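I have placed the structure first, in the form of structure tokens, so that the comments after it can refer back to it.
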Amino acid sequence: MKKIKVDLGERAYDILISAGITNSPIKELNDILGERKILTVTDTNVSEIYKLHISQIIDSEFSIFQAGEENKTLETMGKIYHDAVCAGLNRKSVITGFGGGVSGDIAGFAASSYMRGIDFVQIPTTLLAMVDSSVGGKTGVDLPEGKNLVGAFWQPQIVIIDTHFLQTLPKREILCGLAEIVKYAVIMDSDFFDLLEQNVDKLINLDLEFYEKIIAKCCELKAYVVKEDEKENGLRAILNYGHTFGHAIEKEANYGEIQHGEGVSIGMSIAADLAVNVRYMQKEDAIRQENLLKQLGLPTSYSNFQPEKLFENMSSDKKKQDSKTRLILPSQIGIASLLDYITKEDIISAIRGRKN
Ligand code: NAD
Ligand code: GLY
């Protein structure tokens with residue numbers, strides 16, 4: 001088993017990673033839960049496959065919502081609060097987020113606000129949630145006006161990662177997680193990028209032993225960033241590499257046809273081109289990123305959208321501050337920074353360059 005600490009002083013917590021860790025009682029989890037009342041928030045898909053499995057190690061009531069990003073809403077929050085009251089949760093109780101990023105984000109936000117905040121546990125079941133959303137305390141829901149517009153920073157007490165859950169995850173969802181994994185390597189760790197390049201077959205064939213290693217690496221990298229900048233006043237913004245373009249594409253696709261990780265993959269491709277065009281990064285590094293994304297089976301271009309419309313969507317992204325477009329761009333594999341001097345023309349030109 002791998003154990004990673006997210007060192008946030010009195011809000012510090014551990015991430016436990018192991019294949020099959022949820023097959024038997026987990027002492028570290030039980031020490032936290034004790035005899036307290038627990039509500040497990042999960043979606044219909046995860047519940048159908050794993051409700052019985054998780055019930056064997058956590059004595060919990062359940063709040064189950066219809067799977068899908070379109071249900072990461074205030075309406076679903078209302079149902080969770082209702083289920084929490086019906087289950088008799090009080091200020092000492094615990095909410096568990098069991099599922100992908102949607103379950104974790106919404107469960108965490110419910111925990112942050114129910115009775116002014118109760119304890120929270122994350123048990124991610126998608127690759128994206130294992131390497132990204134379950135760590136770092138960002139919680140929230142979408143509004144009709146945009147994604148993740150309401151939420152709170154609310155750190156979990158513990159994160160339990162069982163790579164066995166990946167065995168039932170649709171291939172497309174695995175790919176979405178892989179986009180975030182490539183992201184960590186490009187922005188923070190060139191050795192990690194080398195490792196990914198050298199093990200594409202293990203990534204494609206879902207070698208769980210290898211996944212345990214790379215999930216742990218991503219969690220370590222994220223734990224470092226979150227420790228340095230929990231509330232995203234600086235460094236944490238690098239985790240948004242590819243995301244500003246990605247969100248613009250997802251929005252244009254009405255959050256359906258193109259999934260988050262696919263948007264991020266195309267977004268990283270646009271961002272790398274832009275970095276090359278403004279002479280911030282060598283072309284060879286952009287080619288390495290492109291090759292890795294393609295070998296994994298991730299998209300690096302789009303066809304249906306107008307570049308100018310994508311730029312407009314970027315301008316309404318909530319990560320934008322004042323009138324400047326701030327972008328995370330890599331200067332080489334393993335290093336990225338937030339730049340605020342890139343012109344609109346350069347951005348549109350890079351977006352245009354990735355249209356099929
Ligand atoms: P998701 O939670 O919708 O899960 C994707 C699909 O996989 C769903 O249909 C789900 O039911 C299904 N699923 C989950 N686990 C499964 C399993 N083991 N086997 C079979 N099916 C399974 O989506 P996601 O991609 O995990 O997360 C995306 C969300 O995460 C977005 O809302 C995004 O905003 C959020 N996010 C949050 C953060 C953060 O820091 N909080 C970071 C990145 C993304
Ligand atoms: N996924 C971006 C963050 O956690 O900050």
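The values are calculated or read from the model by the stated rules, or taken from the named source; none is laboratory data. Note that the structure is predicted; figures quoted are calculated from it, not measured. Because the Cβ atoms are built from the backbone with ideal geometry, glycine has one as well, and the counts that use them run over all protein chains shown. Surface accessibility is based on the protein's heavy atoms, side chains included, excluding ligands, DNA and RNA. Shrake-Rupley method; radii C 1.70, N 1.55, O 1.52, S 1.80 Å.
Observations
- Test: residue in the range 84-97 that is within 12 Å of ligand 1 (Cβ to nearest atom), at pLDDT 95 or above and hydrophobic (A, V, I, L, M, F, W, C): no
- Cβ-Cβ under 6 Å pairs, at least 6 apart or on other chains, the range 38-65 side more than 16 Å from ligand 2 (Cβ to nearest atom), far side modelled with pLDDT under 95: none
- Flag if I270 is touching a residue at least 60 places away in the same chain (Cβ under 8 Å), closer than 20 Å to D346 by Cβ, more than 16 Å from ligand 1 (Cβ to nearest atom) and assigned to a helix (DSSP H, G or I): yes
- Among the residues of the range 46-61, those identified as surrounded by fewer than 18 Cβ atoms within 10 Å (Cβ to Cβ) and touching a strand residue (DSSP E or B) at 6+ places or on another chain (Cβ under 8 Å) are K51, D59, E61.
- Which numbered condition T139 misses (of (1) touching a Leu at 6+ places or on another chain (Cβ under 9 Å); (2) within 12 Å of ligand 2 (Cβ to nearest atom); (3) not aromatic (F, W, Y)): (1)
- Of all the listed residues (I270, I335, I287), the sole one being modelled with pLDDT of 95 or more, among the β-branched types (V, I, T), open to solvent by less than 60 Å² (accessible area, probe 1.4 Å) and within 19 Å of L178 (Cα to Cα) is I270.
- Filtering the range 1-24 for residues that are aliphatic (A, V, I, L, M), open to solvent by 40 Å² or more (accessible area, probe 1.4 Å) and at pLDDT below 95 leaves a non-empty set.
- Pair list, Cβ under 9 Å, 6 or more apart: the range 169-188 residue more than 14 Å from P124 (Cβ to Cβ) and open to solvent by 10 Å² or more (accessible area, probe 1.4 Å), other residue among the β-branched types (V, I, T) and within 15 Å of ligand 2 (Cβ to nearest atom): M188/V225; M188/I238
- Conditions (1) surrounded by fewer than 18 Cβ atoms within 10 Å (Cβ to Cβ); (2) modelled with pLDDT of 95 or more; (3) more than 26 Å from K3 (Cα to Cα); (4) out of contact with any helix residue (DSSP H, G or I) (no Cβ under 8 Å at 6 or more places or on another chain): number failed by E70: (2)
- Single condition T139 does not satisfy, out of (1) more than 19 Å from I80 (Cα to Cα); (2) free of Cβ contacts under 8 Å to residues at least 40 places away in the same chain; (3) within 12 Å of ligand 1 (Cβ to nearest atom): (1)
Yes/no matrix, rows are residues, columns are (1) at positive phi; (2) in contact with a strand residue (DSSP E or B) (Cβ under 8 Å, 6 or more places away or on another chain); (3) open to solvent by less than 20 Å² (accessible area, probe 1.4 Å):
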site	(1), (2), (3)
Y81	no, no, no
A84	no, yes, yes
V94	no, yes, yes
F98	no, yes, yes
G104	no, yes, yes
G108	no, yes, yes
S113	no, yes, no
F120	no, yes, yes
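- Taken over the range 25-43, the criterion of being under 19 Å from A87 (Cα atoms) and polar (S, T, N, Q) is satisfied by T40, T42.
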